[in-house]
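Q: Have a look at this one before I ask anything.
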Amino acid sequence: GNGSVVGGSMELLYGFADSVMGAVQGAMPVAAVSDFVESVRWGEPLIVGLVVGQLAFAGVLLALRRRVYAQIGAFAVICAAVASAERLNGWCKANWRVIATQDYFDRQGLFALIFFAGPLLLDAHLVIINLSIYTMRLAVKARRLRHRAEQRERAGADKKND
């Protein structure tokens with residue numbers, strides 16, 4: 001029945017996740033990531049600014065969680081920012097001396113992924129989850145209103161028949 005469909009879907013999802021993780025690990029060996037993390041100067045203003053900015057943006061999203069249009073606007077901003085990440089990484093690669101004390105910006109965009117696009121994609125997923133919950137609540141509310149209207153119609157029809 002339903003359990004086998006859900007179980008099969010979960011197996012498919014896990015298989016997909018395993019293949020994605022295998023591809024990511026093949027593209028970025030764990031040693032390269034750990035070397036990168038160790039090479040970051042965590043007190044550097046660029047790094048601190050990016051981390052604080054990401055946390056502040058997540059806080060704004062949390063504060064605006066009940067405002068649907070603000071969430072949709074934030075989602076659009078996130079999409080535009082993530083879409084520009086490659087171009088931004090290229091500009092930063094060419095001008096790293098202006099914004100940082102060392103060149104974090106490789107051609108693959110690992111820095112941009114870890115400190116910029118990755119957190120924004122997480123924020124985007126949270127917005128999608130929040131909007132999905134809002135949509136489900138709205139559907140339940142609409143169903144209840146329809147049910148009440150049908151009950152009133154039946155009650156009115158019963159009174160006319162008496």
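The values are calculated or read from the model by the stated rules, or taken from the named source; none is laboratory data. Keep in mind that what you see is a predicted model, and the values were worked out from it rather than measured. Every residue, glycine among them, receives a Cβ derived from its backbone with ideal geometry; neighbour counts consider all protein chains shown. Note: accessible area is taken over every heavy atom of the protein model, side chains too, but ligands, DNA and RNA are not part of it. Shrake-Rupley method; radii C 1.70, N 1.55, O 1.52, S 1.80 Å.
Q: When you scan segment 58-77, how many residues do you find that are without any contact (Cβ under 8 Å) to a residue 12 or more places away in the chain and in a helix (DSSP H, G or I)?
A: Number of matching residues: 8.
Q: Give the residues of segment 134-160 that are among the small types (Gly, Ala, Ser) and either over 27 Å from Ile72 (Cα atoms) or not in a helix (DSSP H, G or I) (or both), sorted by residue number.
A: Within segment 134-160, Ala149, Ala155, Gly156, Ala157 qualify.
Q: A further question follows. Anything in segment 78-133 that is part of a helix (DSSP H, G or I) and either of a type in the set (Gly, Ala, Ser) or touching a His at 6+ places or on another chain (Cβ under 8 Å) (or both)? List them, or say none.
A: Ala80, Ala81, Ala83, Ala85, Gly90, Ala94, Ala112, Ala117, Gly118, Ala124, Ser132, listed by residue number.
Q: Can I ask one more? If you take the residues of segment 106-123 that are without any contact (Cβ under 8 Å) to a residue 60 or more places away in the chain and crowded, with 19+ Cβ neighbours inside 10 Å, which of them is nearest to Phe36 (Cα to Cα)?
A: Ala112
Q: Hey, can you tell me all the residues within segment 67-105 that are among the acidic types (Asp, Glu) and either open to solvent by less than 50 Å² (accessible area, probe 1.4 Å) or more than 24 Å from the chain's Cα centre (by Cα) (or both)?
A: Asp103, the sole residue that qualifies.
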